[in-house]
Amino acid sequence: MLTVPYFVPSFAGDASAAVLEVMESGWVTTGPRAAAFEEEFAAYLGAAHVVAVSTCSAAIELSLRALALPPGSAVLTPSLTFCSAVGAIINARLRPVLIDIDEHTLVPTPDTVAAAVRRAGKPAAMVVTHMAGYPVDAKELAAAAGLPRERVVEDVAHGPGGLLRGAPIGSDSYAACFSFYATKNLPIGEGGAVATYDAELAARLRAMRLHGMTKDAWKRYLPGGSWRYDVAELGMKANFTDLQAVIGSAQLRALPGMQARRHELAARYDAALAGLPGLRLPQRPANGHSWHLYQVRLRDRTTVDVALGEAGIGTSVHFIPVHQLTAYAKALGPQECASVPATDRVAEELLSLPLYPALSDEKQDLVISALAEALDGRPC
Ligand SMILES: *Cc1c(COP(=O)(O)O)cnc(C)c1O
């Protein structure tokens with residue numbers, strides 16, 4: 001039993017009653033509540049359209065497939081991220097090209113993007129990740145890659161609650177892909193969404209998320225619905241259910257409170273950890289970070305991680321670079337895998353500490369003192 005688990009999910013108090021109501025309503029899969037959640041999330045972001053789907057992984061893959069690029073086209077992506085985006089690129093029959101990161105911020109910069117273009121040639125598209133909740137400027141990175149905004153897919157899995165120039169991350173994007181996975185800032189359990197300013201993309205995604213069936217095929221089992229439909233374009237089974245939607249709506253109302261707590265905890269870590277020997281904090285923007293993750297860089301990660309484990313503190317690593325995972329190393333090939341030295345260097349030092357709304361000050365203090373003890377041998 002861990003004294004401080006790495007993650008504990010929180011659910012808004014009114015979520016469970018809403019789930020029961022859906023179960024008793026006779027309609028549990030994609031329906032009116034999913035549509036209502038899409039509108040609420042769009043309003044929260046200030047985005048023109050939101051299309052909810054099964055996962056962020058599916059959101060990225062559908063967005064890439066909607067670009068209808070020639071098979072084998074190059075798509076830039078960082079490697080210091082979850083494997084979703086690289087997997088989505090490969091599943092969409094496109095070719096991943098890795099972008100390195102800035103060592104201090106852990107995200108790509110116009111310089112690292114330009115370096116990837118010099119190395120591998122002009123890409124057809126790019127996926128950018130708002131790592132840990134760091135708001136990256138997708139427009140700036142698109143310009144560095146020589147791409148229009150309509151060729152940039154944003155992985156905003158870490159983004160809800162974060163701001164870029166005062167606006168929610170992903171609010172003004174061709175394709176901003178969100179995750180509602182259990183550990184994310186807006187947790188439903190599973191779920192995802194694409195936010196877009198493009199009405200045509202939204203309409204295509206609505207069809208593609210349900211096998212490409214023609215518009216409103218989900219209504220075919222409703223009174224007055226028709227069994228007639230067509231499949232105009234190949235899609236995926238990646239729809240979002242009404243059961244997920246009502247949890248999402250309740251969680252969305254609770255999000256400001258949950259974010260406030262994440263910010264408090266991050267500030268407490270910052271104050272307590274500054275100056276500990278052998279520990280560095282990544283650089284953060286002055287504001288707008290969503291505090292999805294609290295990452296530290298450790299000179300001797302293994303020793304510290306073992307000591308935290310012995311003290312009953314859960315930790316994680318974000319991420320093992322995608323190109324270091326067996327299947328991806330094989331798919332990418334040795335040349336691509338050797339192209340991101342900063343990613344390889346930094347990845348050896350990263351450790352993520354517990355950070356979630358349900359974490360108490362007392363539990364966080366246990367993390368801090370165990371870390372201080374592991375680093376300089378003195379309890380603080
Ligand atoms: C969690 C995560 C995803 C995948 O989200 P799912 O909804 O589980 O598919 C994609 N990208 C990043 C950076 C993530 O952390």
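The values are calculated or read from the model by the stated rules, or taken from the named source; none is laboratory data. Treat the numbers as computed from the prediction; the structure is a model and nothing was measured. As a convention, Cβ positions derive from the backbone with ideal geometry for all residues, glycine included, and neighbour counts pool all protein chains shown. Please note that ligands, DNA and RNA were not included when accessible areas were found on the heavy atoms of the full protein model with its side chains. Shrake-Rupley method; radii C 1.70, N 1.55, O 1.52, S 1.80 Å.
Note that segment 24-140, at 25 °C in a medium of 0.890 mPa s, gets a Stokes-Einstein diffusion coefficient of 153 µm²/s from its Kirkwood radius over C-alpha pairs.
When the charge dipole of the chain is built from unit charges on Cβ atoms (+1 for Lys and Arg, -1 for Asp and Glu) and taken about the Cα centre, the candidate among L98, P123, F41 whose Cα reaches farthest toward its positive end is P123.
What the Cα convex hull of segment 15-253 gives, in volume per residue, is 109 Å³. Its Cα centre serving as origin, segment 15-253 has a Cβ charge dipole (Lys and Arg +1, Asp and Glu -1) of approximately 620 debye. Counting only protein heavy atoms and using a 1.4 Å probe, the accessible area of K237 comes to about 130 Å².
Extent of segment 255-375 along its three principal axes (Cα atoms, max minus min coordinate, largest first): 47, 33, 24 Å. Structure remark: mean-square fluctuation, Gaussian network model of the chain, C-alpha springs under 10 Å; the largest value among A193, A254, A125 belongs to A254.
Both radii come from the Cα set of segment 71-171: Rg as radius of gyration, Rh as Kirkwood radius; their ratio Rg/Rh reads 0.94. Of all the options P282, P168, P160, the one that moves most in a Gaussian network model of the chain with Cα springs shorter than 10 angstrom is P282. In the calculated pair distance distribution of segment 57-124, what percentage of Cα-Cα distances lie above 17 Å? Everything past 17 Å amounts to 42 percent.
Mind telling me which of T303, T30, T129 comes out most flexible in a GNM of the chain, alpha-carbon contacts under 10 Å? With Cα springs under 10 Å in the chain, the top fluctuation among T303, T30, T129 is at T303.
Work out, in µm²/s and without decimals, the Stokes-Einstein translational diffusion coefficient of segment 16-56 at 37 °C, 0.692 mPa s, Rh from Kirkwood over C-alpha pairs. In µm²/s, the coefficient rounds to 289. The alpha carbon centroids of segment 319-380 and segment 104-170 are separated by 21 Å. Summed over qualifying helices (DSSP H, 4 residues or more, each -39500 (n - 2.57)) and divided by its residue number, the chain shows a 222 nm mean residue ellipticity of -12000 deg cm²/dmol.
Under 5 Å from the amide H of V53 lie the amide H atoms of G192, A193, V194, each residue being 5 or more positions distant or on a separate chain, with H modelled from the backbone and absent for Pro and chain starts.
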